Amino acid sequence: MANAQDLPLKNGDFQQAMVGNSVPGWRLEQHAGDPAYEMKVVPDDVEPGNSVFYMRRTKTEVYGLIGQEVPMTGFPTGKEIELLARMKTKAVGPDGWLLVLDMIGKVHRTLPLSILKQVRSSPLSGDRDWQTVSVRAAVPDGTTLIGVSAMLLDAGAGWIDDVRVRLAQ
């Protein structure tokens, strides 16, 4: 996308070391119940000295997720925004490993924040080597935060690195 401007994503390259069970700048979640995912920052098997995020489903659960919110302060709505990341998979089922872009805001000043729009990438499944995955959408009026996440919706393992969010000028 020409003339793109990056939004201030935290630790999109996963170079900050884990603190206990948390990844700086990111939240780790699963649908419900007992832990069903292994989620951690691991060394990149291709680039020595580089780190990537790894998620593997260890027992059946609806989803595992890594995500964060980016404030839309100073960025106009109505423009197109794009979420990009390098992703790979191993033995992922058909529901896949995918990127999710949420536009978060208020539909009315007295209501809490809610998702105004959600866009998902096509899911990666099977065994896939590193590739760039992206999803884009126009930012609706009232958007105050952009939710950025990757979700594992099936069995298997997924890796992600170099996560970026950018807005066309």
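Annotation: of all residues in the range 134-160 being charged (D, E, K, R) and either part of a strand (DSSP E or B) or modelled with pLDDT of 95 or more (or both), the one that is nearest to residue 97 (Cα to Cα) is 154.
When the test is whether a residue is more than 26 Å from residue 36 (Cβ to Cβ), touching a residue at least 40 places away in the same chain (Cβ under 8 Å) and open to solvent by less than 50 Å² (accessible area, probe 1.4 Å), residue 139 passes it.
A quick yes/no check of all residues on (1) open to solvent by less than 30 Å² (accessible area, probe 1.4 Å); (2) within 24 Å of residue 31 (Cβ to Cβ):
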{"position": "114", "(1), (2)": "no, yes"}
{"position": "123", "(1), (2)": "no, yes"}
{"position": "149", "(1), (2)": "yes, yes"}
{"position": "166", "(1), (2)": "no, no"}
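Residue pairs whose Cβ atoms lie under 7 Å apart, separated by 6 or more positions or on different chains, with the first residue in the range 116-127 and closer than 23 Å to residue 56 by Cα and the second open to solvent by 40 Å² or more (accessible area, probe 1.4 Å) and of a type outside the set (Ser, Thr, Tyr), are 123/95; 125/94; 127/90; 127/91.
So, residue 8, is that one loosely packed, with under 12 Cβ neighbours inside 10 Å and within 27 Å of residue 167 (Cβ to Cβ) or not? Yes; evaluated as a whole, the condition is true for this residue.
None of 158, 64, 96 is surrounded by 20 or more Cβ atoms within 10 Å (Cβ to Cβ), more than 21 Å from residue 9 (Cβ to Cβ) and under 18 Å from the mean Cα position of the chain (by Cα) except 96. All conditions but one from (1) part of a strand (DSSP E or B); (2) within 23 Å of residue 25 (Cα to Cα) apply to residue 49; the one that does not is (1). For the range 94-146, a residue qualifies if it is of a type in the set (Ser, Thr, Tyr) and within 24 Å of residue 71 (Cβ to Cβ), and the qualifying residues are 110, 114, 121, 134, 143, 144. If you scan the range 16-47, which residues turn out to be open to solvent by less than 80 Å² (accessible area, probe 1.4 Å) and of a type in the set (S, T, N, Q)? Matches in the range 16-47: 22, 30. The residues listed here are 166, 128; of these, the one that is of a type in the set (Lys, Arg), out of contact with any helix residue (DSSP H, G or I) (no Cβ under 7 Å at 6 or more places or on another chain), within 21 Å of residue 45 (Cα to Cα) and part of a strand (DSSP E or B) is 128.
The values are calculated or read from the model by the stated rules, or taken from the named source; none is laboratory data. All figures in this text were calculated on a predicted structure; none of them were measured in a lab. Please note: Cβ atoms are built from the backbone with ideal geometry, for glycine as well, and neighbour counts cover all protein chains shown. These area figures cover heavy atoms from the full protein model, side chains too; ligands, DNA and RNA do not enter into them. Shrake-Rupley method; radii C 1.70, N 1.55, O 1.52, S 1.80 Å.
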